[in-house]
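Below is one structure; the comments refer to it alone.
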There are 2 protein chains.
Amino acid sequence: MRSTLTDWFPILRWGQVYDRSQFAADLTASAVVTLLLIPQSLAYAMLAGMPAVTGLYASIVPMVIYALMCSSTVLGPGPAALRSIMSLAAVGTVATAGSADFIVASAVLAVMVGLALLIMGGLRMGFMASFLSQPVLSGFITASGLLITMSQLKHVLGTPVASNDLPTFVRSLGQHLGQIHGLTLAVGLGSLLLLWLARRSLKPLLRQLGVPAVAADLAGKASPLLVILLSIALTNWLNWSQQGLAVVGDIPQGLPSLVIEPLLGIPLATVQALMVPALLIAVMTFIEQISIAQGMAAKRRERIDVNAEMRAMGGANLAAGLTGAFAVGASFSRTSVVAESGGRTPAAGLITAVLLALTALFLTPWLHDLPMAVLAATILISLGSLIDFRSFPLNWRYARADFAAQALTFAVTLLVDLVTGLMLGVIASLALHIWRSSRPHIAVVGNVPGTEHYRNVLRHEVVTHPHILGLRVDESLFFANARYLEDRIGAELANRPEVRHVVLQCTAVNEIDASALESLRSIHQRLQEAGVQLHLSEVKGPVMDRLRRSDFLDRLSGQVFLTHHQAVQALANAGR
Amino acid sequence: MRSTLTDWFPILRWGQVYDRSQFAADLTASAVVTLLLIPQSLAYAMLAGMPAVTGLYASIVPMVIYALMCSSTVLGPGPAALRSIMSLAAVGTVATAGSADFIVASAVLAVMVGLALLIMGGLRMGFMASFLSQPVLSGFITASGLLITMSQLKHVLGTPVASNDLPTFVRSLGQHLGQIHGLTLAVGLGSLLLLWLARRSLKPLLRQLGVPAVAADLAGKASPLLVILLSIALTNWLNWSQQGLAVVGDIPQGLPSLVIEPLLGIPLATVQALMVPALLIAVMTFIEQISIAQGMAAKRRERIDVNAEMRAMGGANLAAGLTGAFAVGASFSRTSVVAESGGRTPAAGLITAVLLALTALFLTPWLHDLPMAVLAATILISLGSLIDFRSFPLNWRYARADFAAQALTFAVTLLVDLVTGLMLGVIASLALHIWRSSRPHIAVVGNVPGTEHYRNVLRHEVVTHPHILGLRVDESLFFANARYLEDRIGAELANRPEVRHVVLQCTAVNEIDASALESLRSIHQRLQEAGVQLHLSEVKGPVMDRLRRSDFLDRLSGQVFLTHHQAVQALANAGR
């Protein structure tokens, strides 16, 4: 019981040895990451179609829950681009964007993502991530990056361009091109330019001006916040919002609170419609989180507990949903900021939560005049890490099947929708894998003269015996290739009427599942009917143990030989 | 072009050498199989919810098309139990049983099954059958057998018991128990008893009475037809249909004709709803057909062309649908009857089609008084081959994962519906396979002293070098296990701070897909950041060729060694 509790809440372990120097390091890191989180929170809330304040809520309680449950030292949950657009796309199918129903459904989705992660973590189902192959992931993420770009253009152009999918976007853009709002476009492009310059040149410039490294670094990281403050000041001063520039507007002051009742009122049909998206978001969240955590842990030669991470992120999403926010996950940019700023323990997350709570309590009135176009610019500037076309030609060269899965996922995500794209990608990579596995390499083997070795007759000068057919199966036998083995043995025998013994050399067979056992049974029966004996050689220990639990060995017409050479010698002598 | 034509229509090949003795053999076999087919056709039409005459149609034109296109010698398409209940279940979701819409939709389903088989056969997609593992198939077939039993009870009890799924059936049976029709029950049980006795004792009895073997055998096979004729005579004589015994009634006389127009009027939504069922029926049909054909071919040491078989069955289903019948497939009982009766070529199918056409032209008026209860009895008596509970405990002992997939498929098919059951079964076996593949066996290896061999440190007395970590991966690397490799290497290094070189021994790696390459890249980068070099040893030729097409080898911090021993020697010496 005790160990289970510390498994689920590792804070009980590291909290006992937490000291003042760790606190100082964590405090610095927290302050830096808060500067980054404030603009990100507002921007990704907008991307998810949610009120700006829910972006702050998405970090406060989830951060606390995560810090209590996580095992890694530097991750922290919060809003992120990919999850926000997935949430928007999923909830958009069950509620109108901006409606009260939409906000409730987004929170319900976060609760469902949380429960999915908690269940997967509790049942140690980290292998779920194995279903998403790298090409499918990269095709999906690149297409999502393009969809995010399209969705943000309306804020920069100041005209409502629809962006559910590429064809809709192109049509809608054509219709709205005449209605671009000049001031909005100027503010949007201006802040994009400033953000780009700050990212590229601010830090080196400040260093040249003699600013200490730490301060220059901090200024670089805070540049989105600086651009936001500048835009608020200008908007306020020049009265831009009167001239049609869309601003964030009133943000309620205060701390997040539990919103259970509206969530319970959600129709069952909505919950059902959100099931598949919730599962996909949970798996994507887990993959992102684990690859970030593994990268960090490897640098420090630490271990992470994959299932604890999954549960912690589940708890964080549950907390996000129950406080009225949307689905959250780890972010690579925030994680590396925490690590570079010296954050050492999950306590950094607790301190960040306090700083964000203070922001929600006292600073939200200052954000009234923040232009939407500037928030859109902060999203657009960070999309470079998502959109990546370089892997397409690499996969084309390396493996056509992988390229096909990638291209399919990319195209369907962009042309139809995110959930269909990701689902089809998963199905395609599974189908391609089964297709490849369904024709394992099976070699006819013969004796290398003067030795006890047996090699492929097509590649080596070997000796075979006319009454004996030796076959080496270079793969585990399971349902996808069981029938191929039947077919292959049938084919080999049709060409060799004089064969009386078939010997399967099982060196590379790590497993024989029930389907393959059934195939072996039917191969055995057919061979028997044709007057041919079936033998096995070099069966591995675990495979043999399992075969003993069936009646296959009792009924076998032939024998099981320790080595292929023993089999051939015994059968060749018996044939004389 | 010429070769393609004979590929698609093998009759162009064997037709040229067809002679009189073959014809005599084929004629005998056809006569016997027709005796079997007449009751089967009527019964399985009833099971599929279709008019009795469509059962005959389902064999006439499809037999002809199949004979033109098939490569195996003894198969023949016709109605069969499993397909009929799948058709009933699928079409039942889009139309009311017995309505005109239902009949059209059943024909459309047959057309779709035909197109699916033609496409799969044309694209050589026989591997689609690999998705259905043996335990899933057996769980599905056993549950289907129980569902067929439930569906036929209403005809034997003479009261309309609903049977969509087990709970519905149990409820409905309770409600209708008071309304059992005595005469119907008596006729049903009587014919069941007769059929059972005939199957068990007729042939030996006739032989004892001195009847020649051939005639006794024929009488045994014709026993369902004899019971049917007896029941028709009794019903007619004793006027049972006036006393409430349900009979087949009027069957239109005449040959099947093309029914294109009603099929074109089908709503698109219906077609969409039938897509998944059509694909599943196509795959099931293919699997049944191939396992029967492989069994027959193996006995005769012949080869079958899997794709030609699939196309031929596709053509047969297309013909069935276009002549207003339902989905068809091969049947084990009919095939073995043809083989035992000496049928030698697909011409037996052509002759059977002629005999069935004569039946449809002249004999249908005689079937008016055939009791439904007797048809139900002919179905029930043959279900023994479908319902098979023995494999459940066998799978439980042999492999729990396979048992789980089987039990899930069985339960969902019985409790929900056939399509959901089969789909969930497929998903479960894929998930279990990915789960198993996601944790490949990876051994830390060391040198067997005095040799150049390297073995698992846990199983053998071997020597390792503190700066070198040798890992042998016992599986191909692909998306399902790529992340596990990252995790495992991270874990091994966390325990060995003094390691400077990681050498992956790739003896058993037959493939590295794009996901695994990406994992190798990130492993490589993380190792580099931690000051550790990554090396490969014993990479297979094809894997090496493919790696050369990427930039992985160019960037590799370490080297690729021909043998693991060379790697360890070179690195150990360099470390000095």
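Let me check I have the definition right: for the range A:203-348, take the eigenvalues of the Cα gyration tensor, multiply each by 5, take square roots. What are those semi-axes in whole Å, largest first? Each step should come with its number before you reach the end.
Working: eigenvalues 225, 172, 33 Å².
Semi-axes from the Cα gyration tensor: 34, 29, 13 Å.
What separates the Cα centres of the range A:529-576 and the range A:76-147 is a distance of 52 Å.
For the range B:395-470, applying the loop criterion from DSSP together with a ceiling of 16 other beta carbons within 10 Å to the trypsin sites (Lys or Arg not before Pro) yields B:ARG459.
Here chain B has 63 percent of its accessible surface on carbon and sulfur atoms, given a 1.4 Å probe and all protein chains in place. The accessible-area loss of the range B:355-404 on complex formation, taken against its chain alone with a 1.4 Å probe, reaches 50 Å² or more at B:ARG397, B:TYR398.
Can you give the translational diffusion coefficient of the range B:255-339 in µm²/s, computed by Stokes-Einstein from the Kirkwood radius over Cα pairs at 20 °C and 1.002 mPa s?
Working: Rh = 14.6 Å.
For the chosen part, D equals 147 µm²/s.
Rg and Dmax of the range B:497-571, based on Cα coordinates, read 11.9, 34 Å.
Neighbouring Cβ atoms from other chains, within 10 Å of the Cβ of residues in B:302-314, number 1 on average. As a ratio to 2.2 N^0.38 Å, the alpha-carbon radius of gyration for the range A:74-180 is 1.29.
Rounded to the nearest 0.05, what FRET efficiency do B:LEU358 and B:GLU261 have when you use their Cβ-Cβ distance and R0 = 30 Å? Don't jump to the answer; show the numbers that get you there.
On the way: r = 28 Å, r/R0 = 0.92.
The pair B:LEU358/B:GLU261 has a calculated efficiency of 0.60.
Projecting the Cα atoms of B:VAL560, A:VAL419, B:VAL94 onto the charge dipole of the protein assembly as shown, computed from C-beta unit charges around the Cα centre, puts B:VAL560 farthest toward the positive end.
Exposed loop GluC sites (Glu not before Pro) only (DSSP loop, at most 12 other Cβ atoms within 10 Å): please give the longest stretch of chain A free of them, not including the sites.
Details: sites that count: A:GLU452, A:GLU461, A:GLU498.
Looking at chain A, A:1-451 is the longest stretch - no exposed GluC sites (Glu not before Pro) with at most 12 other Cβ atoms within 10 Å.
For A:ALA530 and B:HIS441, what does the FRET efficiency come to when R0 = 25 Å and r is the distance between their Cβ atoms, rounded to the nearest 0.05? For A:ALA530 and B:HIS441, the calculated efficiency is 0.10. The Rg/Rh ratio for the range A:457-545 is 0.95, where Rg is the radius of gyration of the alpha carbons and Rh is the Kirkwood radius. At 7 Å along the Cα-to-beta-carbon direction for both A:THR464 and B:ALA574, put a label point, then send me their distance in nm to one decimal. With each label point 7 Å from Cα toward Cβ, the separation is 4.3 nm.
Note on the range A:275-339 and the range B:394-453: Cα centroid distance 28 Å, given to the nearest whole angstrom. Taken residue by residue and averaged, Cβ atoms of other chains lying within 10 Å of the Cβ of B:473-481 number 5.
Working note: Karplus 6.51/-1.76/1.60 with θ = phi - 60° gives the range A:555-569 the couplings 8, 4, 5, x, 10, 9, 9, 5, 10, 5, 5, 4, 4, 5, 4 Hz, where Gly and Pro are set to x.
Can you tell me the length gained on complete extension of the stretch B:SER385 to B:ALA215, counting 0.36 nm per residue apart and subtracting the Cα distance? Could the numbers behind the result be given before it?
Working: separation 170, 0.36 × 170 = 61.20 nm, distance 2.53 nm.
Fully extending the segment from B:SER385 to B:ALA215 adds 58.7 nm.
Determine the percent antiparallel among the DSSP beta bridges restricted to chain B, to the nearest 5.
40
For the range B:124-184, trypsin sites (Lys or Arg not before Pro) meeting the loop criterion (DSSP other than H, G, I, E, B) and having at most 13 other Cβ atoms within 10 Å: B:ARG124.
When the expected Rg is taken as 2.2 N^0.38 Å, what fraction or multiple of it is the alpha-carbon Rg of the range A:1-77? Could you put the intermediate results ahead of the total?
On the way: Rg = 15.1 Å, N = 77, 2.2 N^0.38 = 11.5 Å.
In units of the 2.2 N^0.38 Å rule of thumb, it is 1.32.
Which residues belonging to the range A:424-455 lose at least 10 Å² of 1.4 Å-probe accessible area when the assembly is complete, relative to their chain isolated? So the qualifying set is A:SER429, A:LEU430, A:ALA431, A:HIS433, A:ILE434, A:TRP435, A:ARG436, A:SER438. Scattering from the protein assembly as shown was approximated by placing one identical point on each alpha carbon and applying the Debye formula without solvent; log10 I(q)/I(0) at 0.09 1/Å stands at -1.16.
Can you list which of the chymotrypsin sites (Phe, Trp or Tyr not before Pro) found in the range B:372-430 are DSSP loop residues with at most 15 other C-beta atoms within 10 Å? Don't skip to the end; give the middle numbers.
Working: sites: B:PHE389, B:TRP396, B:TYR398, B:PHE403, B:PHE410; in loops: B:PHE389.
Listed in order of number, the matching sites are B:PHE389.
Inter-label distance, B:LEU177 to A:LEU562: 6.4 nm, where each label sits 7 Å from its Cα along the C-beta direction. Its Cα gyration tensor gives chain B an equivalent ellipsoid, and the semi-axes of that ellipsoid, as √(5λ) in whole Å with the largest first, are 59, 27, 23. Put simply, the convex hull of the Cα atoms in the range B:319-420 casts, on average, a shadow of 10.6 nm². Computed with a 1.4 Å probe over protein heavy atoms only, the accessible surface of the protein assembly as shown comes to 42 Å² per residue. Once Rg and the Kirkwood radius are both taken over the C-alpha atoms of the range A:158-214, their ratio Rg/Rh works out to 1.29. A simple spin-label model places pseudo-atoms 7 Å from Cα toward Cβ; at B:LEU268 and B:MET544 they are separated by 5.5 nm. So how far, in whole Å, is the C-alpha centre of the range A:184-241 from the one of the range B:216-274? Between the Cα centres of the range A:184-241 and the range B:216-274 lies a distance of 82 Å.
When its C-alpha radius of gyration is set against 2.2 N^0.38 Å (N residues), the range A:131-281 gives a value of 1.41.
Could you report the buried accessible area between B and A, both sides summed, computed with a 1.4 Å probe and given in Å² to the nearest 100?
Details: alone 26860 and 26860 Å², together 48190 Å².
Using a 1.4 Å probe, the pair buries roughly 5500 Å².
The values are calculated or read from the model by the stated rules, or taken from the named source; none is laboratory data. What you are looking at is a predicted structure, and each value in this text was computed from that prediction instead of being measured. Positions of Cβ are backbone-derived with ideal geometry, glycine not excepted, and every protein chain shown enters the neighbour counts. Areas reflect the complete protein model, heavy atoms only, side chains present, ligands, DNA and RNA absent. Shrake-Rupley method; radii C 1.70, N 1.55, O 1.52, S 1.80 Å.
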